[in-house]
Every structure is written in C-alpha cells, then in structure tokens.
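All remarks here apply to the structure that follows.
The values are calculated or read from the model by the stated rules, or taken from the named source; none is laboratory data. This structure is a prediction, so every number in the text was calculated from the model and none was measured. Don't worry about glycine lacking a Cβ; one is built from the backbone with ideal geometry, like all the others, and counts go over all protein chains shown.
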Amino acid sequence: MFVVVKAHEKFYRRELADVEPPQLVVQPANKGTTAAVICSLLRITGLAGDPVVAFFPTDHYYSNEERFITSVEQAVRVALHHTDTLVVLGAKAERAEVDYGWIEPGTRFESRFTNALHRVSRFWEKPSYPTARLLLAGGCLWNTFVMIGRVSVFLAMLDNTVTPGMTRAFMAARRCAGEVPTLAAQDYLWAKLTESDFSRQVLSANTEKLSVLRIGDVGWSDLGTPERARAAIAGLRLESTNVTRALKPSFLTTTSGI
C-alpha cells in the first residue's frame, strides 16, 4: 500500500500506474505523518482486520539491504508473537546528527527471536548538537521511522494521544473503514485534521508500548535533502535517477500475519 499526497501526482503517476486503487491512499493535502499513518490503517483494518503492518518511509536508503531485510523479518516475528508491542527499527548512529530523531534504548526486551531488542526509554527529536554528542556517546540510535506492529496497537496509541479534532475525524472515518472514500469525503476529513508528527506526538507519548530493534550499521540515510541524496550518490556510485525514484511516495505500508 502506498500513501501519497495529491499535489505530488505528477511524480508518482507513472511509478504507481499498475497499483490497484485499494492499495493507493491519496491524501488531499500534507497534514504530517500522523494523518498518513491514520489513512493507511483505516484502509487496512477494513480490508484485513488486525494484521501486523509495517511502515517504510520511501525517502530512506539502506546500503546493506540484506541486513535491513533480515531485521524487518525479525521485527515481524516479534510483532506476531508479542501482540502488545510496536517495534521501531533503530540504526547505529554514525555522528552527532541534529536533523534526525534519536531513540534512547532502555532495558532488554526478552524475546526468543532476537537478542537485539530493547524497551524504549525516550525519543529525542532533532536535538541540539551538544545533546546529539551525548546521545552518540551514550549508544543511542537513529530513528529510521520503520514501524512494525499490530493495527490494534497503532490504533490504541492514536486514541491515547491525537488532538481532539483529529480524534473526532479519526473515529468518524473508522466507521467507514475499508471503503475508498469520495474526493468530497476526503476533503471534508482533511479539513478536520490538524498537522501532526507521528514520532513526536504519538511515539514519544507511548514509549511503554514500544520496543526498539538494533539493526546495526546498515548504511541508513534519510534522503530528504539534496545534500544527503548527493552524498549517497557520491559515496555509493548510484545513478541519480535511482535515488530520485526513491523519493516519490511518502509511505509504503505492508501487512503480514492476517
């Protein structure tokens, strides 16, 4: 399932031409990552009940794809077995980056599927440089924003933390979950939504429901700026067209274990 913004249609139209309508969630406007998460969850719960879902921001890059995929498979197994936790993938920090979100791991989360799982102690969103240096020295992780868990866990977290206006719109939309809404209905819903960042407003307020999986050095990069895209091209000798193709949809969502 792909979550996109209507204004970006000229970029994703050809890329997603073969995607069936139920697998394409078109947002009338950009209201932040919380709205994108809500839209895809509503579509999924109507189609598949309460599966394990995985969110993948599509402007991110991994040089070690095999190791990343192995980590995703581990996280899916954890989410299938530990049905009350949401797993966030944390990459090894390479520098005191102030434009990334950071995760401070807590105590070990005991699971038979991996020894690299921890409780989440705290999220740090775009810290100051002195704070980022302390986080790096303390073994904190970069937040890749790859999230894996049951739909019901995501919904419980949203019910706990989203703003009242978004909650009302959210609950109204849940009553018609599974349907592809009309453009008029989408516009009405979006008018009710306030802009919100899922990591800052939802994850940070629900750390008791989270675990973080250390995925090590997978060469993760947020390609959200031209500078990072150019660095990836220069360092990995990629064709610029390949990187550009990775920047178009805003979210990719998959399901498993229905």
Just checking, which of Arg133, Arg108 is free of Cβ contacts under 8 Å to residues at least 60 places away in the same chain, closer than 19 Å to Lys209 by Cβ and out of contact with any Ser or Thr (no Cβ under 8 Å at 6 or more places or on another chain)?
Arg108
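Among the residues of region 38-76, what is the count of those that are polar (S, T, N, Q) and touching a helix residue (DSSP H, G or I) at 6+ places or on another chain (Cβ under 9 Å)? Talk me through it step by step, then tell me what you get.
Step one: of region 38-76, the residues polar (S, T, N, Q) are 40, 45, 58, 63-64, 70-71, 74.
Those still in the list that are touching a helix residue (DSSP H, G or I) at 6+ places or on another chain (Cβ under 9 Å) too: 45, 63.
Looking only at that region, the number is 2.
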Taking Ala177, is it of a type outside the set (Lys, Arg), at pLDDT 60 or above and either surrounded by 13 or more Cβ atoms within 10 Å (Cβ to Cβ) or farther than 22 Å from Pro127 by Cβ (or both)?
no
What's the number of the only condition in (1) modelled with pLDDT of 90 or more; (2) surrounded by 19 or more Cβ atoms within 10 Å (Cβ to Cβ) that Thr70 fails to meet?
(2)
Check whether at least one residue in region 81-90 is under 27 Å from Glu227 (Cα atoms) and over 17 Å from the mean Cα position of the chain (by Cα), and report yes or no.
no
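Whether any residue in region 74-92 is of a type in the set (Lys, Arg), out of contact with any Leu (no Cβ under 8 Å at 6 or more places or on another chain) and either touching a residue at least 12 places away in the same chain (Cβ under 8 Å) or under 22 Å from Ser152 (Cα atoms) (or both) is what I want to check. Working first, answer last.
Looking only at region 74-92, we keep the residues that are of a type in the set (Lys, Arg), and these are 77, 92.
Still in the list and also out of contact with any Leu (no Cβ under 8 Å at 6 or more places or on another chain): 77.
Checking the rest, the ones that are also either touching a residue at least 12 places away in the same chain (Cβ under 8 Å) or under 22 Å from Ser152 (Cα atoms) (or both) come to 77.
The answer is yes, given that some residue of region 74-92 is of a type in the set (Lys, Arg), out of contact with any Leu (no Cβ under 8 Å at 6 or more places or on another chain) and either touching a residue at least 12 places away in the same chain (Cβ under 8 Å) or under 22 Å from Ser152 (Cα atoms) (or both).
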Is it true that Val19 is hydrophobic (A, V, I, L, M, F, W, C), buried (at least 18 other Cβ atoms within 10 Å of the Cβ) and modelled with pLDDT of 85 or more?
no
With the requirement that a residue be of a type in the set (Ser, Thr, Tyr) and exposed (fewer than 15 other Cβ atoms within 10 Å of the Cβ), what does region 73-104 give you?
Thr83
Residues located in region 120-130, provided they are part of a loop (DSSP other than H, G, I, E, B) and either touching a residue at least 40 places away in the same chain (Cβ under 8 Å) or in contact with a strand residue (DSSP E or B) (Cβ under 8 Å, 6 or more places away or on another chain) (or both):
Lys126, Pro127
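May I ask you to list the residues in region 200-258 that are in a strand (DSSP E or B), among the hydroxyl-bearing types (Ser, Thr, Tyr) and modelled with pLDDT under 85? Break it down stepwise before answering.
Kept after step one, since they are in a strand (DSSP E or B), are these residues of region 200-258: 210-214, 220-222, 251-256.
Next cut, among the hydroxyl-bearing types (Ser, Thr, Tyr) only: 211, 221, 253-256.
If the condition is that a residue be in a strand (DSSP E or B), among the hydroxyl-bearing types (Ser, Thr, Tyr) and modelled with pLDDT under 85, then Thr253, Thr254, Thr255, Ser256 are the ones that fit.
Quick grid of which residues meet (1) more than 21 Å from the chain's Cα centre (by Cα); (2) of a type outside the set (A, V, I, L, M); (3) modelled with pLDDT of 95 or more; (4) surrounded by fewer than 19 Cβ atoms within 10 Å (Cβ to Cβ):
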position	(1), (2), (3), (4)
Arg119	no, yes, yes, yes
Lys126	no, yes, no, yes
Phe154	no, yes, no, no
Thr161	no, yes, no, yes
Arg168	yes, yes, no, yes
Against the conditions (1) closer than 23 Å to Val76 by Cα; (2) surrounded by 14 or more Cβ atoms within 10 Å (Cβ to Cβ), where does Val26 fall short? Just the number, please.
(1)
